[in-house]
Every structure is written in structure tokens, then in C-alpha cells.
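No value in this document is a laboratory result; all are computed from the given coordinates. Not measured: the values here are computed from a predicted model. Note: ideal-geometry Cβ built from the backbone for every residue, glycine included; neighbour counts use all protein chains shown.
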Amino acid sequence: MLNIAITIAAVLMCLSLMLNLWRLFKGPSRPDRILALDTMYINSIALIILFGIFSRTTLYFEAALLIAMLGFVSTAAMCKYILRGDLIE
Amino acid sequence: MEVIYAFCVGLLAACGFFLVLRGRTFIVVMGLTLLSYAVNLFLFASGRLTLNGAAVLGQSAQYSDPLPQALVLTAIVIGFAMTAFLVILAMRSRADQGNDHVDGQIPVRPVSPSLLDKRNG
Amino acid sequence: MNLLWVVLLPLIGTLVPLFTERFGRNICAFCVALLPAWSLILVLMYAPDIFNGQAIRQTIEWIPAIGLEVSFRLDGLSLLFLLLILGIGLLVILYARYYLSLKDSMSRFYVYLMLFMAAMVGIVTSNNLIQLWMFWELTSISSFLLISFWSHKSEARKGARMALTVTGAGGLALLAGLLLIGRIVGSYDLDTVLASSDIIHAHAAYPVALILVLLGAFTKSAQFPFHFWLPHAMAAPTPVSAYLHSATMVKAGIFLMARFYPVLAGTDLWFIIVSLTGLTTLLLGAYIALFKHDLKGLLAYSTISHLGLITLLLGLNSPLAAVAAIFHIINHATFKASLFMAAGIIDHESGSRDMRQLNGLWQYMPYTATLAIVAALAMAGVPLLNGFLSKEMFFAETLNQSVLGSLSWTIPLLAVIGAAFSVAYSLRFIHDVFFNGQPVDLPKTPQEPPRYVRIPVEILVALCLLVGIFPAFVVGDLLHIASFAVLDHTVPVHNLAIWHGLNLPLLMSFMAMVGGVILYYNRRHLFEFQSHFDTTDAKHIFERTIQSLVKAAESITNTLENGSLQRYVFTLLLCTLVMGGLPLIELTQNSGTRASIPLDGVTIVCALLMIFSAVATVIWHRRRFLALIFLSVVGLIVSLTFAKFSAPDLALTQLSVEIVTIILLLLALFFLPQSSLKESSNRRLSVDLLVAGLIGCVIGTLCYAMLTTPLNTMSDFFIANSKTGGGGTNVVNVILVDFRGFDTLGEIIVLGIAALGIFKLIANMRIAIPARDDKGRAWSNDPHPMMLEVVSQSLLPLALLVSAYIFLRGHNMPGGGFIAGLITSVAIIQQYIAHGVQWIKPRVTIDYQWIIASGILIATATGLGSWLFGQAFLSTWFDYFSLPWIGKFELASAMLFDLGVYLTVVGAVMLILANLGKLTTSERLDIQENN
């Protein structure tokens, strides 16, 4: 039962990742693309968690934690860049 | 799985080399980053691919090869230091020479001065 | 007593002039002479043992593990040369005291001279081939310095350069030859080599080794066709010419041939090369000497001719000829050194060396003239003088050979012709300079020189006479032991006497005398004959050759190195493709027997994401920000790949490095053009695509072949010992901080060095800041949005907590110092981004360099700490403890090491990013340069 749920979830996540990629290609503006990247980070968190549940291991959950934390930093840095150009001032 | 892994490594390497062959510093640095992805994946592959076998004792039935992982781990960090060095070198070269060419050419068109703020220049 | 001191004393003597110059020229010269004199006394104290047929050896071990040692030996041949080098050296020191004018730096001259003397002493006493070669090169260098002593003169510089080039090139050949001999024999020990004559003769590489060694000897001893440097070396001060270019350095080549006579001579090849070279040099030198108007030029060519004579004797492969050669070494050194000194006196007192100006000096300086005439007669080979004796032996030996078959009679004939020319130029030296009318336009009126400057000449001329009249008594023993050493302990019967009865050699001497007089009498016709020839100066040919070599090298360099990175990389890739790709074509299959893992949908989607993003990075590489976003997608997928294939540590590292890299590139991108125009032609693009694609194919194929080959790894050891030996269950981390801890130490040091290099590059950087973005829009007015500030600030403790957690569990679960350090840096960087430098400045007061330094120090101290417990460097220790509330926990020294790693990573990353960020602020990094 769990495996079926995981499979369905994984398919949906993959679909959304592909859609993220589509938005990344299409744009049209820079914020669109940054948002697409940010969503991609979030979807990959889901993917890792799913993979962990599927494999019955908790070893990869820290990777998800890290993506959650650092993905934010990356997005924030990119936003700062398009706003001010200069990250650290 | 192996086929697609090998294909991705080859593709990353090809993209990296293509970018390294361009004539501007920033693009070369991006090419080197792609290349270091490819190299790290390649080195990692020397331990072969294992599913569900993290080299943590007691967590898996069969362990993946930890040695290439240890090597790649330091390679990633050192790779960052080298990338940083190149980036700063690129900036320094632009600061001192006024252009970011690495193709031995004199820049075709100088940067328009109106776009530059000389508050530190 | 110590053999080493014989070499060391002159070497220490190089320092003496520096300290004694201030006390005046006399004291300086006196002190300089002290050490070689002491060295000479040491040698003389050894002499009785040597005369008893012993050889003295001394070996000092240097690096015994690889067989390196400093080794000296003193035998008859060395003794003979040491007496020449140190004895004549002392005379030259005295002579130079009066020769050098007040304008010349006396101390500099003496320093060079002593350096040269030490090098020569080193050559003749070395008992090791490599050591011998070292001293050999040192003579080339010191001779360069001495020839160019008057460096304001162009001819001195050119002459010195030429001498260095020729002898230096010969030195390289000699090195190759000596290495080859060492390989053949299996030892560089001279004793062993000299005892291995049969092995060397029988070896297939003997001809090569012989030719290489002879190249070294011939260049040094100015043998044809390398003779041309010696006349140009006459630009040196005359004491140098007397010492280096007649008595000692040019004899080093002769010494080398004599030293290796037991192992290299005795074959037809030796005979043909050595004797023919010697004969040619003998004739050529004697002939040209006659036409030289310059006193020193005449003497230089005469030296070449006499060196040729000695070489010829050594080449005859007969023991008696070798004895004659050694005898002539002594004789030539004495009369030629005195002649040079006399020439120097004449030059000094009359201001000219041109024999067309110098005439009739007898009436101005009769005493000097007498000395010079006696020496010149010795050079001509007149009876009752030493030159006569060795020349007679030479004639006798030319008669005793039959090596050219039925043409062997030509060698004595040519020898007589050479000797006749020798008589002729000696006569010219005597007659033109001291008689033959009155001086023509001399710069100053000649007069007798100071008393002391004549002493060296007097001593040497006295020696010429003594040897000439009482040969057996004066040099008999010395000659015997020197021959004893050269001829491998069998000295043929020879009779040193003035009168051997009426025989063919005497007749030949007589013929040479008469011939020489006739030649000189008819010199006008000879000069006229010679003037028809186009005399090209060797210097011009040499300079032209050098120039064209330099031009060729420059054009090759400029062709290969045009400043374009693209070209270098392209060449590199092509080579890689050829060397890495071609062997793959010959392989019939590219997969191994390892079972492959079945594909799944998620992997395919991730692979597609990676492929599209990588290609998009390439397609949009000129729109740099866009390319950067795609690049970060690739990085994300790479870390997912690591997670998927059981490498959680790598996934964590890759993720954090990914973020740090993006921040770095964004920081840099601000200062660089945002986009670039299309610069490469389509043709160029397609060629690059093709090459990059092919390389990618090669790498992919290799990767696939590797992935499908069954694994044979040493990691089982690490897995088995990780818990028991390293105290941790995360094998990757245990490898990093324990098993391969030394590697990791090296890596964090590299990291620290890279960061410091960047620090220096950032310092004082002045770079233009764009006032608008690439679309021409103004930047936002709000540098620190409030939302970002608040969220970031609350992130900091969380991130530090995660970082501490990752660090602490690193030994047993995925994590560790590298990852924790990266997380900490990202958290701090986020504060920089959100709050700006001014906000951070009062809160973080420590310099990041110190963090790097403390990290490396902690890691190293952990390693060194194991020494306290008698363990090897970086041995680890761990144990388990328990505390109330916390329970059982583990403490390991590896954790301390990991702390060092952590600090270094934090320091390095922060040093790079924070200083880069500060470039646009008032806190920018500026270092005051002292210069």
C-alpha cells in the first residue's frame, strides 16, 4: 500500500520537476526563473524524502534538511542580485 | 542505469570543455564548474554504483565503496577553492587590464563608460 | 690531517678577500695566499706516501640511503695537478697583486680566482664521478666570471659568454657520458670505475660514453673544432690567461683523458678520435699562431697547439706516449704561464700587445726580455730547456706507432712540420718584440716592471731551466708516480736525459729548428700567402649562430604561446583525444561483466533535467545570469545523484558547495560583463563542438567501461576496521580523519593557501562598479529589505545548530567537519547578504585568516600530539564515557582533527566570500605595500 502511494507521489513530483524545467526554459522574466529554481529545490526535497521512505532509511533526511535551508539562501542571493546587483554591501 | 550515468558524465564533460574553449573568463569558469561535476561523478563511479548501500556501518546490507567517496569529498571542497581562485583572478585581470578576454585578443568594443560608476575606480 | 681540507681551504679562501680588502692591497694579497699555501703544505705532507705508491682516500657519507657521498682521493696524477694548481696559483696571486690597477676591484678578482682554484682542486681530487662533474661545472662558471672581469668591455663579455657556452655544452655532454659510465659499471665511485676497464670496453654503449666524455674534454681543452673560444678568452686579465688558459683549466680536459685513460683508452676508436683531433689541433694552432699580431693571441694559439700535442700523445695508445704527455703537461704549464706573465708585463709597461708596434724592447727591459726569451726558447724546444725533452719524447713516440698502416710515416712528418711552426712563432715572439728595430707609436715608454712582479716569472723560468738540465733529478719521481696512476700501476721504462745519442728524434728536433728558422726568415711570403684567405672571425660565426638560435626559439615560443587560453586548451584536448581516444578504437567491447542496475522513472526524469540544464547552460552561455541558474540545476541534480547512489556525505558536501559556488559566481558576475556578444565564428563553434563532443564520448565510454567492470577494491579493509580501529561507523568520515588523515591535512593546507592567495589578489583591487543592470535599469534603492533581514537572522541559530549537529555526528553518521564548515559559512554569508558589512563588523571581530591558521594548527597539533604517546604522526585514539543525563558517548582524537578541518573550511570560505563582498564597501581590503 505504501509503495503504491510512494509511486504515485514520485510520478507527481517528477511531473512537477519537468514543469519547473519548462518554466525555467520559458521564463520570460528573471524572477520567473528564480522561482522555478526555488520550486525545483522544494520538489527535490520531496523526492529525497520519498526515496528515504521507499528505502526504509533515514540517512538521506539531512540532505533534505540542507536543501531546505540552503535552497533558501541561494534563492535569496539571486533575488538580491537582480535587485541590487551587489550581494554584500 | 549505468548507460545513462555514463552518458550524463560524458555530456557534462563535453559541455564543460565547450565552455572552457570560449574566450571570456566567466564562461571559462562556468565550464570548469561543469567539468568538475563531470570529474567528480567520474571519480565517484570508480566505486561503481550501489543502491541502498551507504557506507555507514549497520545501516545497509551491502556497503558501497567508501574510498572514492572520501576522495571526491575533498575534491569537491578543493574544487571550490580553485574555482574561487580563478574567479578572483578573472576579476583582477578585468580590474587591471579592463577586459575579461582570455583569448589573447584586444576587446572588440570597449565597455560604454556611461554604464560604469567610477566611485571606486 | 684531512684530505677534505685540501679542497675546503681554497673554498674558504673565497671569503678572505672580502674581509681583508680594507687593510690594503699587500695585506689582502698576502692573506689570500695563506689558505692555498696551507693547502699546498697539506698536499706536500701527503707526498711521501704518494711517492711510496699509495693512494689516499677519504669518504664522507652524505645520504647513505641512496649511495650519495663526498669522496676524495689523492694519487700521483692528482698530486702532479695539485702542485701545478696550487703552486702556479700562488704565483698568480702575487703577480695579480701588481698587475691589477687601482681601478680594478682586487677583492672581486681574488674571490673569483679562489673559487676557480677550489673548483680545480676539487676536479683533480674527486673520487666520485658526479662530484667531479660538479667541480667541472664550477670551473666553467668561475672561468666565465674571470674572463668577464672587465665587464665594461664588450669583447670581455662576448668572450666570456662564448667560453661558457662551449665549455658548458661540453659539460653537459660530459655529464651524460659520466652517467652512462656509472650505469655501465653500476657505481659512480671512481675507484670502482677505474677497476672496471673490461666491463666498459665490452659494453655496447662504450662508443657513446667515450664520445660524450671526449666532447667534454675537447671543449674544455680547446681542441679542434672547439678551439675557437680560447683566443677570445684572452680578453681576460693576463693573470687569468696565465693561470686558467695555459696552466690549469684547459688542462682539465687533458686531466680527464688521463684520469680515464685506464678505462677508456686502448681501443681503435680512442686512437682515431683522440690522436687525429690532437694532430689537427697541433697543426692548426701552430700555423695560426704565426700570423697573430697580438702577443696574447699568439700565445693562445700556441697553447691550443701544445694542448693538441698532449692530446695526440694520449691518443697514441702507447704507455711511453702517455708518460711523454704527462711530462709535457708539466713543461707546458711552466713555460707558458711564464710567457703569459711576461706578455702581461710588456702590455702593462708599454701599453700595447701588438707586435707591429712592439719592437726592440731589449734596450728598455733587458731583464724581463731575458726571462721571456728563455721561456720562448723552451716553447720552441731548444736543448737544455724543458720543452726540448718532452718534444723529443714526442718525436720518438710518433715514430713508434703504426696505426695508420702504411701511411703511418705521415704522423712524424706532420709532427715535425708542427714543431717547425712552433719554432717559427717562438722566434717571432723573441725577434719581433725584443729586437727588430725601434718601437712604433707606443702609448708609453717601456721600462722594467716592479721587482716583485718578476718573481713569479723568475721562478717559472728557473724551473724550465732546472727541468731542462737535471730532468731526472727534478721531476723524475713526480713523473713516475703520475704515470703510475695513469697507466694503472705499470710504468714503462723511460729515461729522462738530455742526451740519448745521435738518433732519429734528435734529427727531427734539428730539422724542426732549421725548418722554423727558414719559415720565420721567409715569413713575408707566408703572410702574403695567408692574406689571400678570407679570415672569418670565429666570434662572428658564433654570435650569428647564437642569434639565430634565439630567434628560432622565440618564433617557436611565439607560435605556440600566443596568449590565447583557447588555443592551449584546444591543443591539450586534441592531444588527449588522440592519446585517449585512439586506443579505444582498438578495443572490441566496452562493457564488463558486472550486472547492471535496472532503470527507474525518477532516475530518467532527473537525468533529463540534468541533460537539458547542461545543454541550456551551453546554449545560453552568453547570457550569464541565465546560464548560472541552469548551472545550479545541474549542481542540484549532481547532489541528488550522490544521494541516490549511496553517498550521503557527498550529497551533503555537493549541496553546500553548490550554494557557496553560486554566491561566489554571483558576487563575481556583478563586476564582470553581464552578457557578451557572439565572438566565435560558426566554423569555430562547430569545430569546438566536435572536439568537445568527441572528448565527451571518450569520457563517457571510459566511464561506462569502468562502471560495468567488476570492482576490486581495498575498501574492505576500511569497512572492517572503521569501528574497531577508528571508532566510527561512517566509513567515509573515518577515512578522511583517521585512515587517510595525513592526506586531509594536506588538503586543508591547500585550501588555506588558496584562500590566502585570493586574499592577496583581492587586496588593493580597483574595479569599476556598474551603475545599472544590463537592461539599463537602475538598481533598487533598498539595500537591506526588512523581510530578508528578519528571516535571515532567524535562520542563523538554526543553521548553526544544524551545523553543530552535522559536525558532532559526523564520525558515525553522514556529516563531518567539511560539511559543517560549509553550512556555517553559508549561514554567516547569509547575514552578510541580508544585513551588510556594517552590521557584521561589530559582531564578528575576528579576522578570517586567524580562523584558517587556528584550524590548521589544531589539525597539526592533533597529529603531533600522538608523538607524546609514542605513536606515529596522526595516530588516533578514542574511548567511550558516560555522563548522567547524556548517557554513553564517545570521545575521539579524530574529532579534534575534524574541528581543525571545520575551522579551516569556515575560515577559507569566509575569507574568500566576505572580502569579495567588501570590495564595494568602505571596509574593502587594502594592504599598504612597503615598496
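Write down, largest first, the equivalent ellipsoid semi-axes of the protein assembly as shown in whole Å, where each equals the square root of 5 times an eigenvalue of the alpha-carbon gyration tensor. List each step's numbers first, then the result.
Numbers: eigenvalues 1307, 217, 169 Å².
They are 81, 33, 29 Å, listed largest first.
When a footprinting reagent is the concern and you count Cβ atoms within 10 Å, what order do C:ILE823, A:ILE67, C:ILE200 take, fewest first?
Least to most surrounded, the residues fall as C:ILE200, A:ILE67, C:ILE823.
Gap in Å between the Cα centre of region C:794-869 and the Cα centre of region C:90-168?
Here the answer is 60 Å between Cα centres.
Considering the options C:SER646, C:LEU666, C:PRO710, tell which one lies farthest towards the positive end of the dipole of region C:628-736, charges being +1 on Lys and Arg and -1 on Asp and Glu at the Cβ, about the Cα centre.
Farthest towards the positive end: C:LEU666.
Between the DSSP loop rule and a limit of at most 14 other Cβ atoms within 10 Å, which trypsin sites (Lys or Arg not before Pro) in region C:335-397 are left?
On the way: sites: C:LYS336, C:ARG353, C:ARG356, C:LYS391; in loops: C:ARG353, C:ARG356.
Answer in residue order: C:ARG356.
Distance in nm between label sites at C:LEU883 and C:ASP537, each 7 Å beyond Cα in the beta-carbon direction?
Using points 7 Å along Cα→Cβ, the separation is 8.8 nm.
Along each of its three principal axes, how wide is the spread of alpha-carbon positions in chain C, in whole angstrom units, largest first?
116, 63, 61
Assuming a ≥ b ≥ c are the square roots of the Cα gyration tensor eigenvalues, decide whether region C:566-677 counts as rounded (a/c under 1.5), prolate (otherwise, with a/b larger than b/c) or oblate.
Oblate, because a/c is 1.5 or more while a/b does not exceed b/c.
Summing Lys, Arg as +1 and Asp, Glu as -1, what charge do residues with Cβ under 10 Å from the Cβ of C:VAL440 carry, C:VAL440 excluded?
Result for the neighbourhood of C:VAL440: -1.
Would you mind checking C:LYS841/C:LYS888; C:LYS220/C:LYS292; C:LYS644/C:LYS775; C:LYS775/C:LYS918 for any pair whose Cα atoms are more than 30 angstrom apart?
Distance filter (> 30 Å) returns C:LYS841/C:LYS888; C:LYS644/C:LYS775.
Show which lysines lie in cross-link reach of C:LYS551 when reach means a straight Cα distance below 20 angstrom and same-chain residues fewer than eight apart are skipped.
Of all the lysines, those that pass the test against C:LYS551 - Cα under 20 Å, at least 8 places apart if same chain - are C:LYS158, C:LYS539.
Distance between the C-alpha centers of region C:601-653 and region C:533-576? Whole Å please.
Spelled out, the Cα-based centre of one part sits 46 Å from the other.
Order these peptides, C:910-918, C:844-852, C:830-838, by their mean beta-carbon neighbour count within 10 angstrom, highest first.
C:910-918, C:830-838, C:844-852
By a straight-distance test (C-alpha under 13 Å), which aspartates and glutamates pair with C:LYS444 as possible cross-link partners, with residues fewer than eight away in the same chain excluded?
Leaving aside aspartates and glutamates fewer than 8 places away in the same chain, those within reach of C:LYS444 are C:ASP347, C:GLU349.
Taking Cα pairs under 8 Å and at least six residues apart, what relative contact order does region A:2-84 come out at, in percent?
It comes to 29 percent, rounded to a whole number.
So how do C:16-26, C:589-599, B:7-17 stack up, highest first, on mean other-Cβ count within 10 Å?
The packing order, highest mean first, is B:7-17, C:16-26, C:589-599.
Provide C:GLU543, C:GLU392 in ascending order of the number of other Cβ atoms located within 10 Å of each residue's Cβ, fewest first. Could you put the intermediate results ahead of the total?
Details: C:GLU543 14, C:GLU392 21.
Ranking C:GLU543, C:GLU392 by Cβ neighbours within 10 Å, fewest first, gives C:GLU543, C:GLU392.
Any idea what the relative contact order of chain C is, in percent, if you count C-alpha pairs under 8 Å spaced at least 6 apart?
With pairs under 8 Å counted, the relative contact order is 8 percent.
Under a straight-distance cross-link criterion of Cα-Cα below 18 Å, which aspartates and glutamates are reachable from C:LYS678, leaving out those fewer than 8 residues away in the same chain?
Cross-link targets: B:ASP100, B:ASP103, C:ASP688, C:ASP774.
Compute the signed sum of charges (Lys and Arg +1, Asp and Glu -1) over the other residues within less than 15 Å, Cβ to Cβ, of C:GLU890.
Values: positive: C:LYS723, C:ARG809, C:LYS888; negative: C:ASP738, C:ASP879, C:ASP898.
For residues surrounding C:GLU890, the net value is 0.
Using helices alone, I'd like the mean residue ellipticity at 222 nm for chain C: each DSSP H run of four-plus residues gives -39500 (n - 2.57), total over residue count, nearest 500. Numbers along the way, then the final one.
Details: 39 runs with 635 residues, N = 931.
Per the formula, -22500 deg cm²/dmol.
Need the full-extension length gain, C:GLU528 to C:ARG108, defined as separation in residues times 0.36 nm minus the C-alpha distance. One decimal, nm.
Result: 146.8 nm gained on full extension.
Could you sort the peptides C:511-518, B:56-63 by per-residue average Cβ neighbour count (10 Å cutoff), highest mean leading?
Going by the mean number of other Cβ atoms within 10 Å, highest first, we get C:511-518, B:56-63.
From the P(r) of chain B, can you give the percent of Cα pairs sitting at distances over 19 Å?
Here the long-distance tail beyond 19 Å is 62 percent of all Cα pairs in chain B.
Lys/Arg Cβ at +1, Asp/Glu Cβ at -1, dipole of the protein assembly as shown taken about the Cα centre: which of C:THR545, C:LEU86, B:LEU43 is farthest positive-ward?
Of the options given, the answer is C:THR545.
What does the charge count near C:TYR301 come to, summing +1 for each Lys or Arg and -1 for each Asp or Glu among other residues with Cβ under 13 Å from its Cβ? Don't skip to the end; give the middle numbers.
Working: positive: C:LYS292, C:LYS296, C:LYS336, C:ARG428; negative: C:ASP294.
Result for the neighbourhood of C:TYR301: +3.
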